[in-house]
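The values are calculated or read from the model by the stated rules, or taken from the named source; none is laboratory data. Just so you know, these numbers come straight off a predicted model, no measurement behind them. For neighbour counting, all protein chains shown are included, and Cβ atoms are generated from backbone atoms with ideal geometry for every residue, glycine included. Note: accessible area is taken over every heavy atom of the protein model, side chains too, but ligands, DNA and RNA are not part of it. Shrake-Rupley method; radii C 1.70, N 1.55, O 1.52, S 1.80 Å.
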Amino acid sequence: DAGANSAGLPGILQTLAATGVRGTFFLTGTWAAANPAGVASIVAGGHRLGNHSMTHPGFIGLPDAAIGSQLSGAEEAIRAGGGEPRPLFRFPFGERDARTIATVNAYGYLPVRWTVDTLGWKGSSGGITAQIVADRVLAGLRPGEIVLMHTGSNPTDGTTLDADALPGMIERIRQAGYGFTTLDALLG
């Protein structure tokens, strides 16, 4: 997910290119508008984009029209950077209910959740390390696993634990006998 900043993005893209892995990047519209070069870099690397709302609000408290505005605003910003987010969407905070899912679906989006959150976003100030990030992913390893990671740095300590853990994590996942696929292939 990309919503805060892009501090870890260069390292993430470099790792994915070096290992031949393709990812899906769920972008907020505010991030895409502030980082059009980041959007272009993700697309140029052959990665998939998804919509993560315009401003990352909780959706359960929003009326349907506001949900539509969040979706369309982010879509416009992502497209302005050269990307296409449709049809993938990730709810901010994972917060959803039957009504918000139905509303997102009515706007032509398919919500995608994760199976494991690395917690790298908590940073070292939150008691997390790159080792913990990797261990969390490996502990939840199973066919179809969807890993939630973030492109930005922790706002308190500036760490980019997800980016730091990614090379070793990919290696350990492959050593465990697993491969990588895209959300499009999983959902196709």
TODO: Please find, within region 3-21, the residue that is surrounded by the most Cβ atoms within 10 Å (Cβ to Cβ) out of those that are in contact with a helix residue (DSSP H, G or I) (Cβ under 7 Å, 6 or more places away or on another chain) and over 13 Å from A163 (Cα atoms).
DONE: G3
Task: Cβ pairs under 7 Å, 6+ apart, first in region 153-169 and in contact (Cβ under 8 Å) with a residue 60 or more places away in the chain, second open to solvent by less than 10 Å² (accessible area, probe 1.4 Å) - done: S153/G8; T160/G8; D162/G8; D162/T118; D162/G120; D162/V133; A163/G8
Open item on the list: Return the pair list, or none, for Cβ contacts closer than 9 Å from residues in region 103-123 that are within 24 Å of T159 (Cβ to Cβ) to residues that are surrounded by fewer than 17 Cβ atoms within 10 Å (Cβ to Cβ) and acidic (D, E), at least 6 apart or on different chains.
Closed with: W114/E145; T115/E145; V116/E145; G123/D157
- [ ] Name the helices (runs of 4 or more DSSP H) wholly inside region 109-188 in which the number of residues that are within 25 Å of E95 (Cα to Cα) and touching a helix residue (DSSP H, G or I) at 6+ places or on another chain (Cβ under 7 Å) is 2 or more.
- [x] 130-139, 161-175
Task: Candidate set: region 130-146, residues that are open to solvent by 60 Å² or more (accessible area, probe 1.4 Å) and not acidic (D, E); chosen: the one nearest to A165 (Cα to Cα) - done: Q131
TODO: Look at G120 and say whether it is open to solvent by less than 50 Å² (accessible area, probe 1.4 Å), within 15 Å of the chain's Cα centre (by Cα) and of a type in the set (G, A, S).
DONE: yes
Open item on the list: Checking the condition more than 19 Å from the chain's Cα centre (by Cα) and part of a loop (DSSP other than H, G, I, E, B), which residue from G61, G83, G68 passes?
Closed with: G61
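Scan region 82-98 for residues that are surrounded by fewer than 16 Cβ atoms within 10 Å (Cβ to Cβ) and in contact (Cβ under 8 Å) with a residue 12 or more places away in the chain and jot them down.
Within region 82-98, E84, F93, G94, E95, D97 meet the criteria.
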Open item on the list: Anything in region 147-188 that is surrounded by fewer than 15 Cβ atoms within 10 Å (Cβ to Cβ) and either among the β-branched types (V, I, T) or on the phi > 0 side of the Ramachandran plot (or both)? List them, or say none.
Closed with: T156, G158, G177, T181
TODO: Could you please let me know if R48 is in contact (Cβ under 8 Å) with a residue 60 or more places away in the chain, of a type in the set (D, E, K, R) and farther than 25 Å from A106 by Cα?
DONE: no
Open item on the list: For the list (1) open to solvent by 10 Å² or more (accessible area, probe 1.4 Å); (2) under 19 Å from L110 (Cβ atoms), I need the number of the one condition that T28 fails.
Closed with: (1)
- [ ] Sort through V39, V43 and tell me the only one that's under 18 Å from the mean Cα position of the chain (by Cα), open to solvent by 30 Å² or more (accessible area, probe 1.4 Å) and β-branched (V, I, T).
- [x] V43
